[in-house]
Structure formats: structure tokens, C-alpha cells
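The values are calculated or read from the model by the stated rules, or taken from the named source; none is laboratory data. Treat the numbers as computed from the prediction; the structure is a model and nothing was measured. Because the Cβ atoms are built from the backbone with ideal geometry, glycine has one as well, and the counts that use them run over all protein chains shown. Quick note on the areas: whole protein, heavy atoms, side chains included, nothing else; ligands and nucleic acids left out. Shrake-Rupley method; radii C 1.70, N 1.55, O 1.52, S 1.80 Å.
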Amino acid sequence: MGYFGAGEEPRFDSDLFPKQGLDEKAVMDGLEAFEKKDLDRIVGHSIVYGVQLMSHMDAARIAKQANMMFVRNNMLYKELQPGTLRMSVEVKRMIKEMLGHPDSARVRLTSGGSESLYCAINAAYQWFRQERPRAREPEIVVPYSIHGSISKWCHYTGIRLKRVQLGDDYRADVAAMDRAITKDTFFIAGSAPCWPYGLYDDIEGLARGAEKHGIWMHVDACLGGFLAPFIEKAGRRLPARDFRVPGVRSISADLHKYGYACKPLSSISFRTEEWARYHDFTASDWPDGPYSTEAIMGSTTAGSVASAWAVMKFLGEDGYVELAKRCLEVRRRYIEGINSVDGVKCWETDLTPLVFQVPEGMDIFAVIGGLFERKVYCLPGFQPPLIKILVDPVTDEVVDRFVDSLREVVPLVERGEITIESVRPYL
Ligand SMILES: Cc1ncc(COP(=O)(O)O)c(C=O)c1O
């Protein structure tokens, strides 16, 4: 990640790769030693492991079992495995139902949010190349707060990226985005919600702009995609964000976040077959004939797909609604607790993550380090300095431990008893 320090300089035994294989016990002992070095699943929940099903351990266990059962099956050859093929088709069908997609929508499975975003940009790029072959330097226009993986893809592909400054409310500035669009722009996107602040962009406003300019509009719902529909079923309204908004051509939503599937698994949905066709590709200019894949990756495991199938079936709609209610309760408890700490203020984010500010001038890394020291983990944000936690369906104990530790750490940092130097080993 970078800001958590360089870590220890590894020193290796000369016989790291053994000449003769070890016995099973020795291998498992080796792995257990690695596992012991890592954070345990409870204290490391939102920073290391992502969304955690701590209030529904049965679902977590079933997901893991399903993953193990199919982990060796290659999705690349699903056509040779009628069971795996049927399972993946059923997962895609359930995704459509869960996300409320129209029948015309087409879903593809990917290895994660980043790959889903790459697929969206690529489909738009292919469409634009066909539509406007004369465009000189194809570019995309996105809000400053959109996920960093978009910068990575543009770096890899040479597509020009314009990140547009946000409005005063830290959401996409629709008018500024509109002004940034040129005849070379083929793609704009908004987040639902964004990772830095947990805020929804004005998807309707952005999509209207995309329609006006005749360009591709993508919604990055990687984070909240599988949480939002069930939050609404639990009775809380959220901003418009899906294919009900005219002009939206694709949506990314991660199953390995609030779909509660094992990593790596996400989805990219296209509004129609026509838009999906710009994504699909078959290579035939090589010795082995037609070669096509679901998304960008070649071989991928069917284990995560099996885990999605298992969790969807096990939880059903009622189970997802229950977990969404739990997220709302966890969120309420965090906000109440964090705001009760002197000088600390939670932002009014829309869903997840939750972000809060520490007293003005206080070094967030001293606070985060003090929390790490107490085995309470969170993430930093930089503009402005913020501390971030995911709202996942954890137990009350996790929330209370976080809040109690924060209450202890903030005054210690204030009095200079915790400093960036003293917590350096934890960062
Ligand atoms: C809004 C958003 N988009 C995209 C991503 C990238 O997802 P992944 O890490 O699965 O590639 C994330 C990850 O947190 C995210 O929050």
C-alpha cells in the first residue's frame, strides 16, 4: 500500500525451494506461521479482509466451503464443465435479479472491481473507435474521487484521463464535468458511492450530460452495488444509480464486497446486448483457433463463483436485507460513538465507507498508529485528512472496541503522549 511503511527486509534460507518435497504437516505448519503473522479476521476486518460477515458466520463458512469445492475448476473451460457452466449462468441471472436489471441487460463476471472498470472503459473505447474513427486522442472524463484503478488502466493503455475537481459537497461537479468533455471524450463515469468519501455522485445529472454529448456513461457501483438494493428494501432511500437512469450503459458491482462472495469476483453489466458486444472479443489470429474469455483475464478459478452461488442461495433476499439492516445499525452505532469523542466529527456520507475528521491540525497518522497499536485498524484519506472505516455487518464488540480505542487515543495524541515517532513500528 505504501503508507504503512516498507516492512521488514526479507532474508531467505538458501534452500527456500526444497530439493525434496516436504511432508504435509511441514507444509501446513509453514502456512500457519504466515497466517499467525497476519491480522486475525476480527481485528483486521475492514482494512485487510474487506467486508466481513461477522454477524453471519454460517454464510461465511458456506462461502469458504463452496470456494474450496470449485477452486481448481477453470472458468476458461466452463463449456467443458456443464455443472460449472450452469452455476455461472445462474449466478449471472441472480445478479440481474438482485440489482434490478432489465431483461435486456448482459452480465459478465470479472476478477474484481478494477477489472470490471477496465472492461467498461474498454467496451466504450471499442464502441468509440467504431463510431468516431477520426478521434485524435480518445480521452475519458471522471470525477476526482473515482477509484484509483481507473488511473492505472489509463496508464497501461495510454488513454488520456481527465479527473475533474469535485463540487463543494465532494461529489462530482456535473457542470464542470460537462465543460471538460471534448469531441475526443468517449466515456464519463460516476461513483455509487465513491471509495474516498462514501458519497454518491449525481448519476442522473452525469447521465444527462453523457446523452447530450452522445458518449458512454458508466456507474462505478463496485463498492455499494450489492448493498444498496437491500438497504432500499430495508426502507432507506438512496440516490438513483442503476439502469433506471436513462443514459447509463454499464455498471460495475463487486460480489467480493457486499455480495459476500470470496475474492476475486465482481460483475460488469451492460444495459443491452448491443453494448455488451463491444466488450466481447474473440482472438483467432493464432495457431489454436478462436480464443475468447469472459473478461480480461484468461484462466480464473470457479471457486469464487461457487461461493457467490452458495451465499446467494443460502441468504436469499431476506438474508441480504437482514445484513443490510445490520449495516445500518453498525453505521448508526459507529456515528454515535465516533461523534461522542471530543473534537472528532463523522461526515454525513451516504452509505459506506464512513469517514471522520480528527481535531484540526492533529496528525491522522499518529491517531491511526495509536489505533493500530491497540489492534484497531482503519485507513487514511488525504484530501482532506480523514480516517475511514467500512460499514460491514460486524458485531457490536467490534464497533465498541473501535470507539473506545479512539476515545483513548485522541487525547493521548493531543497531549503529545502518542506521536508519529512512537507509533512508527505500527505504520
Ligand atoms: C468504488 C470502488 N471502485 C473500484 C474498486 C476496485 O475494486 P478491487 O479492489 O476489487 O479491484 C474499489 C475498491 O475498493 C472501490 O471501492
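For beta carbons closer than 9 Å, sequence separation of 6+ or different chains, a first residue in region 64-82 that is in the same structural domain as C262 (by TED's automatic domain parsing) and without any contact (Cβ under 8 Å) to a residue 40 or more places away in the chain and a second that is of a type in the set (K, R) and open to solvent by less than 50 Å² (accessible area, probe 1.4 Å), there are no qualifying pairs.
Annotation note: of K78, K96, the sole residue that is modelled with pLDDT under 95 and surrounded by 14 or more Cβ atoms within 10 Å (Cβ to Cβ) is K78.
Is at least one residue of region 324-342 part of a loop (DSSP other than H, G, I, E, B) and under 30 Å from D201 (Cβ atoms)? Yes, region 324-342 contains at least one residue that is part of a loop (DSSP other than H, G, I, E, B) and under 30 Å from D201 (Cβ atoms).
Every condition in (1) free of Cβ contacts under 8 Å to residues at least 24 places away in the same chain; (2) open to solvent by less than 50 Å² (accessible area, probe 1.4 Å); (3) not hydroxyl-bearing (S, T, Y) is met by E421 except one, and the failing one is (2). Scanning region 93-112 for residues that are hydroxyl-bearing (S, T, Y) and within 16 Å of the ligand (Cβ to nearest atom) yields T110, S111. Within region 156-163, none of the residues are open to solvent by less than 10 Å² (accessible area, probe 1.4 Å), within 21 Å of D350 (Cβ to Cβ) and in the same structural domain as A253 (by TED's automatic domain parsing). Is region 119-139 home to any residue that is open to solvent by less than 20 Å² (accessible area, probe 1.4 Å), assigned to a loop (DSSP other than H, G, I, E, B) and within 13 Å of the ligand (Cβ to nearest atom)? The answer is no; no qualifying residue exists.
Let's see how each residue does on (1) at pLDDT 95 or above; (2) closer than 29 Å to D318 by Cα; (3) away from the ligand (no atom under 15 Å from the Cβ):
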| site | (1), (2), (3) |
| --- | --- |
| Y200 | yes, yes, no |
| A210 | yes, no, yes |
| L227 | yes, yes, no |
| Y260 | no, yes, no |
| S266 | yes, yes, no |
| S269 | yes, yes, no |
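Yes or no, residue by residue, for (1) of a type in the set (G, A, S); (2) at positive phi:
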site: W127; (1), (2): no, no
site: E137; (1), (2): no, no
site: P143; (1), (2): no, no
site: G148; (1), (2): yes, no
site: T157; (1), (2): no, no
site: K162; (1), (2): no, no
site: G167; (1), (2): yes, no
site: Y170; (1), (2): no, yes
site: D173; (1), (2): no, no
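Residues in region 165-178 that are within 22 Å of P353 (Cα to Cα) and either within 16 Å of the ligand (Cβ to nearest atom) or surrounded by 14 or more Cβ atoms within 10 Å (Cβ to Cβ) (or both): 6 in all.
Do we find a residue being in contact (Cβ under 8 Å) with a residue 60 or more places away in the chain and either among the polar types (S, T, N, Q) or outside the structural domain of A276 (by TED's automatic domain parsing) (or both) anywhere in region 88-98? So far as region 88-98 goes, yes, one or more of its residues are in contact (Cβ under 8 Å) with a residue 60 or more places away in the chain and either among the polar types (S, T, N, Q) or outside the structural domain of A276 (by TED's automatic domain parsing) (or both). For region 231-258, the tally of residues that are open to solvent by 50 Å² or more (accessible area, probe 1.4 Å) and within 12 Å of the ligand (Cβ to nearest atom) stands at 1.
Regarding H101, is this residue in a loop (DSSP other than H, G, I, E, B), open to solvent by 10 Å² or more (accessible area, probe 1.4 Å) and within 27 Å of K263 (Cα to Cα)? For H101, the condition - in a loop (DSSP other than H, G, I, E, B), open to solvent by 10 Å² or more (accessible area, probe 1.4 Å) and within 27 Å of K263 (Cα to Cα) - is met.
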